[in-house]
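Data first, discussion second: the structure below is written as structure tokens.
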Amino acid sequence: MLLSKQQRFVLDMLQCLGCARERQLTALLKARFFPEDKPVPQGFLDAMLRQFRCGNIDLRREDDVIFLPGKRPSSTLLEAIDVMLELSDGNPSDLWSEEKGPVLLRFSVTGKRVSLFAVLHASAITGPDVRAPPAIGKAERVVVLLPEGCPPPALHIPNKVFYALGQKDGTHRFFAPGEN
């Protein structure tokens with residue numbers, strides 16, 4: 001099946017991430033292919049997904065979550081994607097998810113300089129089952145997703161660490177260690 005650039009991009013994002021919400025894919029499409037002042041047309045992504053099904057490209061959909069067969073959607077990964085979109089203003093330079101280990105998602109943002117980020121969930125780095133700190137590059141900034149009501153864990157790594165706390169409106173509040 002011949003794919004347009006936008007279709008190839010959506011398929012690449014799903015293969016890279018494993019799953020994404022419809023609004024997350026739409027935000028990534030907008031940042032990559034549409035001018036700032038022009039919104040993504042309503043139904044644009046739905047039309048792509050229908051074309052994928054007609055072309056024997058197997059995708060699954062549960063509510064607003066789109067994922068590849070054999071991969072189960074992860075609520076923590078979906079939240080990590082939300083954090084990435086907020087920090088990169090919807091336009092990460094590069095991104096990849098990791099299936100094993102505490103790091104859910106790594107991405108970079110290009111501005112005056114390249115910033116690297118690693119997103120982890122607090123449950124993956126605290127508790128009795130944690131044996132070693134996560135493997136994180138020296139240049140990466142660490143974002144720890146906090147469940148509601150959970151105090152920020154102390155991390156003993158030399159990286160810049162900050163926390164993301166989900167808000168009721170779907171956005172996140174970011175704060176540094178020691179901030180309230």
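None of the figures in this text is laboratory data; all of them are computed from the coordinates on show. The structure presented is a predicted model; accordingly, all values stated were derived computationally and were not measured. Cβ: placed from backbone, ideal geometry, glycine included. Neighbour counts: every protein chain shown.
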Sequence ranges 108-120, 43-55, ranked by mean other-Cβ count within 10 angstrom, highest first:
108-120, 43-55
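Computed over the Cα atoms of the range 1-71, what is the convex hull's projected area averaged over all directions, in nm²?
4.6
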Straight-line reach from LYS71: which lysines have Cα under 23 Å away, leaving out those fewer than 8 places along the same chain?
LYS100
Quick check: Cα centre of the range 1-75 to Cα centre of the range 100-126, how many Å?
22
What's log10 of I(q)/I(0) for the range 1-124 at q = 0.09, 0.11, 0.15 Å⁻¹, Debye sum over Cα points only, no solvent?
-0.25, -0.37, -0.70
Restricting to the chain, what percent of DSSP beta bridges are antiparallel, rounded to 5?
65
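If we sort 29-41, 62-74 on the protection proxy, mean other Cβ atoms within 10 Å, highest first, what's the order?
On the way: 29-41: 12.3, 62-74: 14.2.
The most tightly packed comes first, giving 62-74, 29-41.
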Taking a cut-off of 23 Å between Cα atoms, list the lysines near LYS30, but don't count ones fewer than 8 places away on the same chain.
LYS5, LYS38, LYS112
